[in-house]
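The values are calculated or read from the model by the stated rules, or taken from the named source; none is laboratory data. Owing to the predicted nature of the structure, the values given are computational and were not obtained by experimental measurement. Don't worry about glycine lacking a Cβ; one is built from the backbone with ideal geometry, like all the others, and counts go over all protein chains shown. For the accessible areas, the whole protein counts, side chains as well, though only heavy atoms, and no ligand, DNA or RNA atoms are used. Shrake-Rupley method; radii C 1.70, N 1.55, O 1.52, S 1.80 Å.
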Amino acid sequence: MVSTKLYTAIYVVLFVSATVQVLVEFAGLSYWLAFGVIMVLSAAKAVLVAAYFQHLRFEPRSLTYLVGIGLVAALALTLAASYSLL
Amino acid sequence: MTDASPERDAAADGGHEVAHDDHGHDFPGTGSIKRWFVTTNHKDVGILYIVTSLFFLVLGGVLAWLMRIQLFAPRGLGEGILAPVAYNQAVSAHGLLMVFWFLSPFAFGFANYVVPLQLGAKDLAFPRLNALSYWLYLFSGILFGVSFFQGGTFSGGWTMYAPLNVPTFTPDVGASTAVLALVLFVASVTVSSVNFLTTMHRMRAEGLTLRNLPLFSWTILLTAWMMLFAFAALLAALLVLSSDRLLGTTYFAMESPAGALLWTHLFWFFGHPEVYIVFFPALGVMAEVFQTFTGRRIVGRKWFILAMVLVAIQSFAVWMHHMFLTSINLQVKTLFMITTIGISLPFDLMVFALIYTMLKGKIRFTTPFLFVFGALLLFIIGGITGVFLGAVVLDYEFRGTYWVVAHFHYVMVGGVTALVGGLYYWFPKMTGRMYDEFLGKLHFAVYFVGFNLLYFPLFVAWETPRRVFDYAPELAPWHQLATVGGFVLGLSFLIMFYNLFKSAFVGDPAPDNPWEYATTAEWAVSSPPPLENFDGTPTYRNGHLEFLDTGEVAPTEGRSDGPTGAAVSDGGVTASATTAVTADAELPTAEVTEVEGPSHASIWPFVLSAGAFLVLLGLSPLQDAAFPEGMVGAAYATTTVAGGVVTLGSLVAMGLEPFHGPVFEEGEAWPFAGIDNGKVGMWIFLASDVVLFGGFLGAYVFTRVAFGWTGWEPIPSDPIPGLVNTYILLTSSFTVVLALVAAEKKHKWGLVTSLGATFVLGIGFLVNKGLEWQHLFHEGLWLSTNVRASTFFLTTGLHAAHVIAGLVIALYLTARAWRGAYLEDSRSVEYFGLYWHFVDIVWLFLFPLFYIL
Ligand code: HEM
Ligand SMILES: [Cu+2]
């Protein structure tokens, strides 16, 4: 499936992007811009781990949907609850 | 699927020492007490569930009687038989016991018994986990019982609203115990959901597509999906509450921003799906019994199923209709009013489908039919009154009154009515004996009169405030009627208990199918069915049920009574083992070829649950993370430690125990065809864990929004320790990947080293975190300092608990690998990896949210 080399490359990318997240914080961007960049980086890392380390990319799509449903439920709760305060 | 791998716990690899001990050979008969402690058979577990749940029905019922006696007249403080706090405890415990410990487990007793038969499976995918679900359930109920004796049980209502749910207002130890009992109950439900979902998606007989699945199984499938996600949200709520009560965090405290509102969101996000979780199985029984006793397939079957699927999805989008009187904004109220009205439409469709079926068929008025027919009438009344409540303006009037009480008793106890019908319906199958039809009908008559006498007056006396025993004197006659009805309803069960108890021993022997026109598979086998359900392999290849027997096709009708229970435990192997072309043929592991046939006994689920019970009991008196002073505190602390040892020990024992899941040929497995049961189970579990962490993160985001997002500073002033931990976790994920690569290459030392490295890295993560926390404590920050600190410590603490659990497994795997395991079959390493990477992913979000943003 995936070679050890690719795994290693992904690991390096994850490592670097974690570092970048902290650098972004100190880069003096506006709060919400930094927020956006940092969360996008987190999401990207999560996708990489799920796709390759958990090899979801090579499994039937149904497993990805399954996790997606959980994610949608969690986001629905978070967003709707927070919105209800506004 | 033959070996231990269905027992998905990464611990249960089975390795290759195939111990040919006596599992299955000395499986005791149903007359033996031992049988009931060790059994993992789905039919036994089903019976255990049913019997236990009926016990909780009686307990909850007695509490209800106490309340109804108190309500016989409007009372002032100190009048009547119950003191004010005792009344509050009775109300709360009644609600919790009935909803959690009676209603759902009663339904799942049937699910356990019937669903594998309807699927054409020999058991659930993970029989030991199924037994574990039962024992966790029983022990959670016992724990709840204990709470009465620790100063008093929880008294804040079954909805456990904040801030009444924190020790400031409910200081008794028993109140904490009740919350912990619920935590244990949720553990049981989660294990059960994973098991049912894996089984129902993966183990259907050939030709039994979802479209053809019997309706009762359909409702259980949807119920299990709702349970998986809804109970994960409840678990989040309960863990936060436990932490507030035991550790001193301040999520729900009065002074926290929107603490009370946070609870309502978490609780009702679970709570609304929960009302369908308790109702759907009843709906399934209704559909099944209607079809049998009208002799007609349900009208619009496809649409009926579609409506149920819609309702199951929508049930997660209506929760705020329980919050119309809170401070949530008007737009969101309107939105949820619309979704609520929307959800009642599919229900209309289902009701009409049932009515049409009745009109088009030819009804036979047996006891099961009477009960489900009664249930339909009750549900219609309950549903219509619910629509009143769904309208914001009307709810302003009705909220907190007996209208609500009457509404949900009509729907929920309406559901019970259908389930009682189910009990009569499947009784002959389970016991092999017929019940007395006259007494059954008499039960129905008394029950139905009692029900309406009890609940209908509550609509009339709707102005009575909920959960209070004082009310306007002119309403007294209605309450007196209700009290009388309560006794009639309760006593009607005596008829049932007498009838069923007696019939179980001396009733007429039941044929395979005592009900003409019953078409589902459970009626094609003997009553009761043999231990492994079917002699041959069931198939629907030709559009109807047949049994394949080493090549030849035997029609259903030809089957005579199979050998009963115990006899098969030895002989059952022969037929099944030959047809055991397993789904894992591509994994020809040592044990597959040597398999002895499925196991049916394990004591460890029982022991494990007892251990968990002791742990939680021991923790119950904690306050601000400290045990009470003196002997009592020491005793509790000892209980915790002892429980911990038992729990861990039985986990290891369970991992080492050779246990063979049911043999099956992969038939219909949409949408998880070709994926191992163990892996499917793991992913389903992880999906629920996503919601658990979602609940925690949701609570954090919500509280932060209420506080003012940008005014909220991260607790650690320095993100570097967090960054270091990110590095450590990422590296440990990488070593887990390497471990799997090594295992697949049969590279023993590579495997051991990588697993060992993972373990060391995990320890490093915890040490680093410990140092960081130590530092924060020295700065004077503690869990209870403010809600900012509470969210930080608790959310990262939950994550750390996941790391610790992972490390226990990693240690186990390393030790096994050292002795040569996993080289032939690396699935355990793979499943552990899935979990570990998930824990890693969670951290990828916790780190920025709690350290830098
Ligand atoms: C036609 C569909 C239904 C609608 C529109 C509906 C609507 C509502 C609404 C708006 C409330 C909140 C009332 C309030 O607290 O002010 C409520 C409460 C409740 N409903 Fe329903 N409902 C429906 C069906 C059901 C079903 C099928 C069940 C369970 C089997 C159920 C169980 C409950 C329970 C337990 C409560 C009370 C919660 C509490 O303790 O506060 N409902 N319903
Ligand atoms: Cu609701």
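Taking the criterion of being surrounded by 19 or more Cβ atoms within 10 Å (Cβ to Cβ) and within 11 Å of ligand 1 (Cβ to nearest atom), the residues of region B:315-329 that qualify are B:Ser315, B:Val318, B:Trp319, B:Met320, B:His321, B:His322, B:Met323, B:Phe324.
Among the residues making up region B:346-363, a single one is within 15 Å of ligand 2 (Cβ to nearest atom) and surrounded by fewer than 21 Cβ atoms within 10 Å (Cβ to Cβ): B:Pro346. Apart from one condition, B:Val420 fits all of (1) more than 21 Å from B:Tyr276 (Cβ to Cβ); (2) crowded, with 24+ Cβ neighbours inside 10 Å; (3) aliphatic (A, V, I, L, M); the exception is (1).
Of the residues making up region B:803-835, those that are under 30 Å from B:Arg245 (Cβ atoms) and surrounded by 19 or more Cβ atoms within 10 Å (Cβ to Cβ) number 5. Counted as qualifying within chain A are the helices (runs of 4 or more DSSP H) with 3 or more residues that are under 30 Å from B:Thr326 (Cα atoms), namely A:61-85.
The set of residues from region B:58-96 being open to solvent by less than 60 Å² (accessible area, probe 1.4 Å) and not in a helix (DSSP H, G or I) comprises B:Leu71, B:Ala73, B:Pro74, B:Arg75, B:Gly76, B:Gly80, B:Leu82, B:Ala83. May I ask you to list the residues in region B:378-413 that are part of a helix (DSSP H, G or I), open to solvent by 30 Å² or more (accessible area, probe 1.4 Å), within 6 Å of ligand 1 (Cβ to nearest atom) and closer than 20 Å to B:Leu335 by Cβ? Of everything in region B:378-413, just one residue is part of a helix (DSSP H, G or I), open to solvent by 30 Å² or more (accessible area, probe 1.4 Å), within 6 Å of ligand 1 (Cβ to nearest atom) and closer than 20 Å to B:Leu335 by Cβ, namely B:Val387.
Whether any residue in region A:7-27 is within 7 Å of another protein chain (Cβ to nearest Cβ) and closer than 25 Å to B:Arg827 by Cα is what I want to check. Yes - at least one qualifying residue is present in region A:7-27. Take B:Val332 and decide whether it is within 16 Å of ligand 2 (Cβ to nearest atom), within 30 Å of B:Phe702 (Cα to Cα), crowded, with 22+ Cβ neighbours inside 10 Å and within 14 Å of chain A (Cβ to nearest Cβ). It is false that B:Val332 is within 16 Å of ligand 2 (Cβ to nearest atom), within 30 Å of B:Phe702 (Cα to Cα), crowded, with 22+ Cβ neighbours inside 10 Å and within 14 Å of chain A (Cβ to nearest Cβ). For B:Ala524, the conditions (1) open to solvent by 40 Å² or more (accessible area, probe 1.4 Å); (2) touching an Asp or Glu at 6+ places or on another chain (Cβ under 8 Å) are fulfilled apart from (1).
Residue-by-condition table, conditions (1) within 14 Å of chain A (Cβ to nearest Cβ); (2) closer than 30 Å to B:Leu853 by Cα:
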| residue | (1), (2) |
| --- | --- |
| B:Val646 | no, no |
| B:Asn677 | yes, no |
| B:Ala687 | yes, yes |
| B:Val690 | yes, yes |
| B:Ala699 | yes, yes |
| B:Thr703 | yes, yes |
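Among the residues of region B:808-818, is any under 29 Å from the mean Cα position of the chain (by Cα) and of a type outside the set (A, V, I, L, M)? Let's see the steps before the verdict.
Step one: of region B:808-818, the residues under 29 Å from the mean Cα position of the chain (by Cα) are B:808-810, B:812-813.
Checking the rest, the ones that are also of a type outside the set (A, V, I, L, M) come to B:812.
Yes, region B:808-818 contains a residue that is under 29 Å from the mean Cα position of the chain (by Cα) and of a type outside the set (A, V, I, L, M).
Within region B:647-677, being assigned to a helix (DSSP H, G or I) and open to solvent by less than 50 Å² (accessible area, probe 1.4 Å) holds for B:Thr647, B:Gly649, B:Ser650, B:Ala653, B:Met654, B:Gly655, B:Asn677.
For region B:289-309, the condition of being of a type outside the set (Val, Ile, Thr), within 14 Å of chain A (Cβ to nearest Cβ) and touching a residue at least 24 places away in the same chain (Cβ under 8 Å) holds for none of the residues.
Can you tell me which residue among A:Val49, A:Val67 is within 20 Å of B:Phe229 (Cα to Cα) and within 7 Å of chain B (Cβ to nearest Cβ)? Step through it out loud before you land on a result.
On the way: A:Val49 fails: within 20 Å of B:Phe229 (Cα to Cα).
Within the list A:Val49, A:Val67, the selection yields A:Val67.
A single entry from B:Ile338, B:Ile277, B:Ile305 fulfils the requirement of being away from ligand 1 (no atom under 15 Å from the Cβ) and hydrophobic (A, V, I, L, M, F, W, C): B:Ile305. Any residue at all in region B:387-395 that's closer than 26 Å to B:Tyr471 by Cβ and more than 16 Å from ligand 2 (Cβ to nearest atom)? So far as region B:387-395 goes, yes, one or more of its residues are closer than 26 Å to B:Tyr471 by Cβ and more than 16 Å from ligand 2 (Cβ to nearest atom).
The test for being free of Cβ contacts under 8 Å to residues at least 12 places away in the same chain and away from chain A (no Cβ under 14 Å) holds for B:Leu345. The residue pairs whose first member lies in region B:396-411 and is away from chain A (no Cβ under 14 Å) and on the phi > 0 side of the Ramachandran plot, whose second member is open to solvent by 20 Å² or more (accessible area, probe 1.4 Å) and within 15 Å of ligand 2 (Cβ to nearest atom), and whose beta carbons are closer than 8 Å, counting only pairs six or more residues apart or on different chains, are B:Gly400/B:Leu325.
Looking at B:Ala687, is it closer than 25 Å to B:Ala236 by Cα and open to solvent by 30 Å² or more (accessible area, probe 1.4 Å)? Show your work before the answer.
Values: closer than 25 Å to B:Ala236 by Cα: yes; open to solvent by 30 Å² or more (accessible area, probe 1.4 Å): no.
Judged against the criteria, B:Ala687 is not a match.
Here B:Tyr822 fits the description: out of contact with any His (no Cβ under 8 Å at 6 or more places or on another chain), more than 14 Å from chain A (Cβ to nearest Cβ) and not small (Gly, Ala, Ser).
B:Ala282 - would you say it is within 15 Å of ligand 1 (Cβ to nearest atom) and either more than 11 Å from chain A (Cβ to nearest Cβ) or touching a helix residue (DSSP H, G or I) at 6+ places or on another chain (Cβ under 7 Å) (or both)?
Details: within 15 Å of ligand 1 (Cβ to nearest atom): yes; either more than 11 Å from chain A (Cβ to nearest Cβ) or touching a helix residue (DSSP H, G or I) at 6+ places or on another chain (Cβ under 7 Å) (or both): yes.
Yes.
When every residue of region B:264-273 is checked against the conditions, none turns out to be out of contact with any His (no Cβ under 9 Å at 6 or more places or on another chain), within 14 Å of chain A (Cβ to nearest Cβ), more than 30 Å from B:Asn212 (Cβ to Cβ) and more than 16 Å from ligand 2 (Cβ to nearest atom).
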